[in-house]
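Peer 1: Dropping the structure in here first, questions after.
The values are calculated or read from the model by the stated rules, or taken from the named source; none is laboratory data. Please read all numbers here as calculations on a predicted model, not as lab measurements. Note that we place each Cβ from the backbone using ideal geometry, even for glycine, and neighbour counts take in every protein chain shown.
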Amino acid sequence: MLALLWPAFIAPPIALEHAPPVLPQPVLAARLLAVPACGWMRCLDSEWNPQAQPAIPAGQLRVDADALPGGRVQLQLADARHREWMKPEGSKARFGLQYGIEAMDTEATRLKLAVDTGWRLQAYAEDGIAGTGPVLRGRMEWQQALWPNARLSQVTRVETGQRGTYLRNSVQLQWTLRPAWTLDSGLELRRDSDVRSRNQTDANLTLRYAF
């Protein structure tokens, strides 16, 4: 038995070659270790916009859609001048949480959008539906300059819940005839899918003079 085991002790050990670890390219490793600093709001609006990203130090590689698998699609978002807000709302009629965004703000055009989720405590109040319970609300405010002395505005409010949907849409045209004279004309529609007696359409025309 010892004679059979003897070759195992005198035979040279078998040399096992271990595969070297796979290392990334030096420029790629340096890029991954030196990620550009980016605040949350800046990343939200422009992290995929090449012109808005920080400059890459010499000798490093930018990791973008061309360097990653899955195609060459790049996400382009609007300019980072949007104003967003989130605020709680509460009254005797309802309470909830609102998220809004100022989608556009230029000399000629302004556009605001808001979405509310909450609970209605009192029916009909504050442009609400004819019932209580969970509700979802939306609001749009739009202003557009038509000429240097004329501006068109629109405010749309909608609420939906367990008792139908309520819509209120107002369109207003303001025309400055002279520095002291202003002509206002508008049209407002109210529609309730559950209570038809609340449906109403109003038009107005007002001439104002500033003393």
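Peer 1: Would you pick out the residues in the range 162-192 that are assigned to a loop (DSSP other than H, G, I, E, B) and under 29 Å from the mean Cα position of the chain (by Cα)? It would help to see each step written out before you state the result.
Peer 2: Taking the range 162-192 and keeping what is assigned to a loop (DSSP other than H, G, I, E, B), we get 162-163, 179-180.
The answer is Gln162, Arg163.
Peer 1: If you take the residues of the range 129-163 that are out of contact with any Gly (no Cβ under 9 Å at 6 or more places or on another chain) and among the hydrophobic types (A, V, I, L, M, F, W, C), which of them is nearest to Asn199 (Cα to Cα)?
Peer 2: Looking at the filtered set, the residue picked out is Val155.
Peer 1: I'm told Leu167 meets every condition in (1) surrounded by fewer than 16 Cβ atoms within 10 Å (Cβ to Cβ); (2) within 18 Å of Gln122 (Cα to Cα) except one. Can you identify the failing condition by its number?
Peer 2: Leu167 satisfies all of (1) surrounded by fewer than 16 Cβ atoms within 10 Å (Cβ to Cβ); (2) within 18 Å of Gln122 (Cα to Cα) except (1).
Peer 1: What is the residue count in the range 193-211 for residues that are part of a strand (DSSP E or B) and either in contact with a Leu (Cβ under 7 Å, 6 or more places away or on another chain) or within 24 Å of Arg168 (Cα to Cα) (or both)? If you could, list the steps in order and put the result at the bottom.
Peer 2: Initially, the range 193-211 is screened for residues part of a strand (DSSP E or B), giving 200-209.
From what is left, the residues that are either in contact with a Leu (Cβ under 7 Å, 6 or more places away or on another chain) or within 24 Å of Arg168 (Cα to Cα) (or both) are 200-207.
So the answer is 8.
Peer 1: Considering only the range 133-147, I want to know if a residue exists there that is within 30 Å of Ala210 (Cβ to Cβ) and modelled with pLDDT under 90.
Peer 2: The answer is yes, given that some residue of the range 133-147 is within 30 Å of Ala210 (Cβ to Cβ) and modelled with pLDDT under 90.
Peer 1: Here's another thing I want to ask about it. Looking only at the range 123-151, how many residues end up being surrounded by fewer than 16 Cβ atoms within 10 Å (Cβ to Cβ) and part of a strand (DSSP E or B)?
Peer 2: 10
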